Amino acid sequence: MSNLQILKRLYFDYTHKFLNKILISVFFSLIVAGSTSLIAFLLDPAIKKIFIEKDKQLMVIIPFAIVFAFTMKGVSLYLAKNTLIFVSGEIQKILQLQLMKSILNSDLETLDKKHSGKFVSHLTLDVGLIQKLVSDTILLITKDTLTLFGLLFVMFYQNWKLALFAIIMIPLASIAAKSLGKRIGKVSTQAQEASGLLNSFFLEVFKNHKIIKIFQREDYEKDRSEKYIEEFKSKGVKILNVMIRATPIMETLTGLMIGGLIFYSGNLVINNELDINNFFSFLAAMMLAYQPVRSLATLNMGIHQGISAAKRLLPIIDTKITDKSKGNNLNITKGDIIFRDVDFKYELQENKVLSSVNLKISGGQMTALVGHSGAGKSTIMNLIPRFYKNLSGNIYIDEQDIYDVSIASLRKNISLVSQDTTLFDDTVINNIKYSNLNASEEDLNDAIKLSHCEEFINKMPNGRDTLIGENGVRLSGGEKQRLSIARAMLKKSNIILLDEATSSLDSETEEKIQNAINFLTKDRTTLVIAHRLSTVVNSNKIYVIDNGKIAAEGNHKELLNSSEIYKNFYLKQLTKNENNL
Ligand SMILES: Nc1ncnc2c1ncn2[C@@H]1O[C@H](COP(=O)(O)OP(=O)(O)O)[C@@H](O)[C@H]1O
Ligand SMILES: [Mg+2]
């Protein structure tokens, strides 16, 4: 998108919604411009009538008029800014909501590609810059341009020759502004990147603090943080430095102008072409014009910063998840899931993770995936709820391609206990209810009891209302897993995906939970990834996954004869179990 297209888009998508408010603000800007010009203009009669002609009546009226003009200017400026502060807040809110929505709807691939810290930086820094562009800039443009025109009018009115002389400076100022604007756009992109890196780093430190402590890497992390903080600082300083670069240029230009002006106007006064009252009024107008010219000259920077932020942010807002047919709802009858010639590659990986995977996960039964770690088991499971989109081949549920039905109807029917338990910093009960906000008290109690959560919930200080901390830090690994199993149970979905759901449990608890899982998965389509024999042996069908391919399939007995990998797995589990006894 070109800069102009971005500006257009920002205007129509955001600013346009608040056109009424903006027009109000433009109206007040007009009053600001009028009263500022009036102030400059009033100096002419003030000097002529009061100081030269000594008019007693006007000696009272003109000071009053000046007070009035200043008050008008102040009040209108307040009202104009006040209106735009409101608009600017609203636009910030809209942008953040859109970004949030887009992040919530994007597929895992998009989210995996970028550190969460960078998204945080988009949400704060970039939104702020765009917000500034779509609101502050409008005020500046209207108020300052109008004021400038008003003052120019006064200048020309007082003496057109002087006025012509003065406006030569305007193009000079704008050339300087243009090059600074481009520069600041570039630096602001770098600053955003630095802020993203710093955010990411901070988040990592919080997440990994245990590891940092045990490996005593505090100093190492401190040094690394210094690098990011330094980078962030230096970019911030750079921006501010570029911004103030306009100051010497502007001041020099002003000096040139005033010097030249005194020389030229001196000439005019000597030749009787200019009266002293006109000169003062002109001078006042010119000095008052300094502020709007200056701010218009630096306006370019704000615009470039805003545009470069929009270039980063809009593509994220625009990312649409490919939900081809919103109308088609998945209709589950038997609950058969079929993979046909599925090849899959993660965007960031060179090689295929899955190749020619053909599976049949029969409805109402339990199917297990076994294989070494890294074989591709979790990947297969994650394809079923459409977490990723770029696969070749097809996945059908009851003969409907999952990419042809709406994501909402697909996911409504699936429950998942993922390999890495994920919980929210909320109460125990809210974490369980997450899968079904309208669950009845009875179902809730059942889920808690069957998943054996009751035992530890009762010991907690506030029972079910105890806060469990960020991703459940205040719980043991097994307790976290039991919570996520309870959560999955409560959903009562047709399809259940269990990715090493019981790996953190001791064998006693696991056995108990196994009963609950059997209950949970009864007559439902279940796909389990398990490293425990007990789960696998009871499965109706087992697929052995090796290096992204199906190496063997069958039930426990068949596989013991046919698959070397499976036999090894079995023997290892057996010795493990014996050791446990
Ligand atoms: N999000 C991801 N991005 C890129 N590669 C991944 C991602 N997740 C897993 N992989 C790779 O895919 C392969 C299979 O992983 P996975 O399906 O998790 O194995 P399993 O569950 O069988 O242990 C691994 O080699 C891993 O490196
Ligand atoms: Mg896995």
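Readers should treat all values here as calculations from the given coordinates under stated rules, not as data from a laboratory. Computed from a prediction, not measured in an experiment: that's the story for all the values here. Reconstructed Cβ throughout: ideal geometry from the backbone, glycine too, with neighbour counts over all protein chains shown.
Tabulated data
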read-out	value
Prolate/oblate/rounded label for region 418-492 (Cα gyration tensor, a/c 1.5)	rounded
From the C-alpha gyration tensor of region 3-317, square roots of 5λ in Å	50, 22, 17
Alpha-carbon centroids, region 379-423 and region 184-244: separation in whole Å	37 Å
For peptides 179-188, 465-474, sequence by mean Cβ density within 10 Å, most packed first	179-188, 465-474
Full-extension gain in nm, Ser418 to Ser534, via 0.36 nm per residue minus C-alpha separation	39.8 nm
Net charge, Ala80 excluded, C-beta distance under 13 Å - Lys, Arg +1, Asp, Glu -1	+2
Under 18 Å from Lys213, Cα to Cα: lysines that are on another chain or at least 8 residues apart	Lys222
17 Å Cα-Cα reach of Lys459 towards aspartates and glutamates, excluding residues that sit fewer than 8 places from it in its own chain	Glu479
Rounded tilt (10° steps) of 3-13 against the dominant C-alpha axis of the chain	80 degrees
Ranking of His452, His531 by count of other Cβ atoms within 10 Å, fewest first	His531, His452
Rounded, prolate or oblate (a/c below 1.5 giving rounded, otherwise prolate when a/b exceeds b/c) for region 484-541 by Cα gyration tensor	oblate
Summed residue charge, Cβ within 15 Å of Asp336's Cβ, Lys/Arg positive, Asp/Glu negative	+1
Rounded tilt (10° steps) of 19-45 against the dominant C-alpha axis of the chain	20 degrees
Antiparallel DSSP beta bridges within the chain, as percent of all bridges there, nearest 5	55 percent
Whether region 446-489 is rounded, prolate or oblate, judged on the alpha carbon gyration tensor where a/c under 1.5 counts as rounded	oblate
Separation of alpha-carbon centers, region 524-565 and region 144-159, rounded to whole Å	85 Å
Straight-distance crosslink candidates among lysines, where the alpha carbon sits under 17 Å from Lys549 and sequence neighbours closer than 8 are dropped	Lys345, Lys352, Lys360, Lys377, Lys541
Angle in degrees between helix 507-521 and the longest Cα principal axis of the chain, rounded to the nearest 10	80 degrees
For Tyr434, net neighbour charge (Lys/Arg +1, Asp/Glu -1) across residues whose Cβ lies under 13 Å away	+1
